[in-house]
1. Rounded to the nearest whole Å², what accessible area per residue is found for region 179-319 with the 1.4 Å probe?
2. How much accessible area does Arg494 have with a 1.4 Å probe, in Å² rounded to the nearest 10?
3. Taking H as built 1.01 Å from N, whose amide H comes closer than 5 Å to the amide H of Phe425, not counting residues under 5 places away?
4. Region 218-281: Rg/Rh from Cα coordinates, Kirkwood Rh?
5. Would you mind getting me the FRET efficiency between Ser86 and Ile109? Use the beta-carbon distance for r and R0 = 25 Å, nearest 0.05.
6. Pop out the carbon and sulfur fraction of the accessible area of region 80-168 as a percent, whole number, probe 1.4 Å.
7. Using only the Cα atoms of region 41-126, what semi-axes does the equivalent ellipsoid have when each is the square root of 5 times a gyration tensor eigenvalue? Give whole Å, largest first.
8. In percent, what relative contact order does region 384-464 have, based on Cα pairs under 8 Å that are 6 or more apart in sequence?
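The values are calculated or read from the model by the stated rules, or taken from the named source; none is laboratory data. Model, not experiment: these values are computed from the prediction. Cβ sites come from the backbone with ideal geometry, for glycine too, and all protein chains shown count toward neighbours. The area values use the complete protein model at the heavy-atom level, side chains included, leaving out ligands, DNA and RNA. Shrake-Rupley method; radii C 1.70, N 1.55, O 1.52, S 1.80 Å.
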Amino acid sequence: MEKLMIEQLQSMANLAPLLLVPAVIFFVWNSVILVGGREIAVLERRYFGNALPQGRVIAMANEIGIQARTLGPGLHFLVPFLYKASKLPFTTVTENEVGIVESIDGDPIPPGKIFARVIDGHSSFQDGESFLRTGGQKGPQIQIIPPGTYRINPSIFKVRKLPAVIIERGKVGIATAMDGEQIPAGRLLAHKIDGHSTFENGQAFINNHGQKGPQIEVLLPGTYRINTDLFHLEIQDATVIPAGKIGLVTSLDGEPLPESEFVAKPVPGHNDFQDASSFLSSGGQRGPQFDVLKPGTYYINPLMFKVELDDVAVVQRGQVAVVVSNVGEEPRQIKNLVDAKKTEDKSSDELHKEAEQRLDKGIERYVVPKGYRGIQEEVAGPGMYYLNRRAFMAYIVDTTNITIDWDDSKETRFDPLIVISRDGFSISVSVKVVIRIRPDQAPYMVAKIGSVENLILHVIHPMIDSSFRNQASSTSAMNFMQDRQEEQRKAVDRAREELEKYHVECVSVLICQISLPQELMDTQTMKIIAQQQQAMYQDQQKAEQTRIATEKTRAEAEQQKNLVEAEIGVKIAEQNKLKTIRFAEGEAESIRLRAEGEARGIKAKGDAEGSKILAIGESTARAYELQNKALGPNSVTAIEVAKQISQGNVKITPDFLVQGGDNIAGLLSAFLTGKITAEKRKSELKDIPPADATEGSAR
């Protein structure tokens, strides 16, 4: 038995060296720590040390607990079983990131503060023991970690990696500080401080008495490494004024605006409202601003200035802009000064007296020179103007002819005028009024009536309506239409007289159309138709008379041959008359000579019978002679012709009579009749003995 025990002891003694080697290896394995090139080792001390102070969670070198210190890359020897090591990767912050740090342990943050103060010596939170030893505070840290690789103990420092603040072109950053002093009462934004490097140095912001709340400064386009826990950032669009627009600015902070002013006074140095701090320090006032923003891009704090877009004032060709200023001195004070400048040779008392007289007469007291409150004497001609409509009101006035119509067209604004004539008829009158406003008279027109629209609605329309009503009531409806030119002239005269009071030129008043009631028009139409019919009948009568004369002429032309034959007959009768006279004279002479012969030859028969025959011959000759003297040769000839006609020696009436006609039968009848008559005349001329034979027989 003893022998067996001795053998066992010898066996164990033989095995001891073999058991020592694993023990050494195990001991060495637990006392040596190998940390990689991009790692750190976080230690936890388990035994043999001081307890942690109350309120602390991270241990120092001689305290039990998670250690503030860390082991960097390399081979490290530790007491076995005393420390427990946990290897973790480095904290890496990339180029476009920032590290926001929160400490799990440290001194408490003072009351009223949100963020721990910045301390030095901890090498960007890589030396935890130094951080705790030098009074580092527990909680969110103001200091941030810039891009890089850091051996930070994640047991004491929690690091949040956030993107860096990048403000692109056309954007603006609005910062709100979550810590700092209080903003003074009555102010909306914190005042500007220097040294914080556009909010990247939070501790400098706090040390320089930066104020908590929205900041008056803005961030321009760029990249910023800002503690976004301390400064909340809001990225908004920059103020862009496009072409053809202007920016009307309203300040939300500043000195109070006086009650008598509508627009804040302009102040210098604010760089088109981009430097809000300079605006306030220069005495900028709260409310609508006098200055405007022209087209462009502006980095303006929208918490300080509100910008509204407005159209550029455009004055077209043929127009002027009458400008009414809401800023400047009172017009009564300025009028005296202006009058004094215009007449420097007068005394001051005379100038003031003359100015007061002008004002008392109501000569447009609110038309003033440039720079004073009221209607500006100078008008703006054609062009584009960056006009602040809060400070200046522009009234566009057409200087070309303006036409106002009263008719049934849909495009016109007024219906035809309805007036009542003296005889009670309703008349519709279409009127066109043409006016013109000279550029130099435009301010005075605006002072009188306000605008062209007011002029048309409240002056011209009632004036034209009243004018034509009065004119129509003084005459009958038909006379109103018939005297249209006179009525138009009256309307023009009255319009010119009235519009001169408003500094407006009346070019013309035209009556385009007058519409009478249908029943009156029917009566007038019937009257005119009757008159036209009467004139037509008269013309027809004249035409018939002309036709009769024409027919007479045509008949005479058709009987021209007969007339020629009658003329020839008259000539023959005259020749016969001469022949008869000659025959009578020869007969008388023959009788006388015969009587004388017989008287001489027959004296035996007695002188008494001879004397009787002689007396008969002489008496016959004497009778022809006395007849010729008493009646005249023509009358004697006519008597002889009548005797010849009665005896059938001369033919007056035609053997055939053919009536005129337009048809072919009538023409044919006339032709045949003419032929028969000609043949008959030829036969009659053959039967007439020659003149010589007749004369011989007479002799």
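1. Per-residue value: 48 Å².
2. Accessible surface of Arg494 is approximately 80 Å².
3. Correct list: Ala477.
4. Working: Rg = 15.7 Å, Rh = 15.0 Å.
My calculation of the ratio gives 1.04.
5. Details: r = 29 Å, r/R0 = 1.15.
Plugging the Cβ-Cβ distance into 1/(1 + (r/R0)^6) gives 0.30.
6. Working: 2210 of 4270 Å².
So the carbon and sulfur contribution to the accessible surface is 52 percent.
7. Numbers: eigenvalues 139, 87, 17 Å².
Each semi-axis is the square root of five times an eigenvalue, giving 26, 21, 9 Å.
8. On the way: 77 pairs, mean separation 21.1, N = 81.
Averaging sequence separation for qualifying contacts and normalising by length gives 26 percent for region 384-464.
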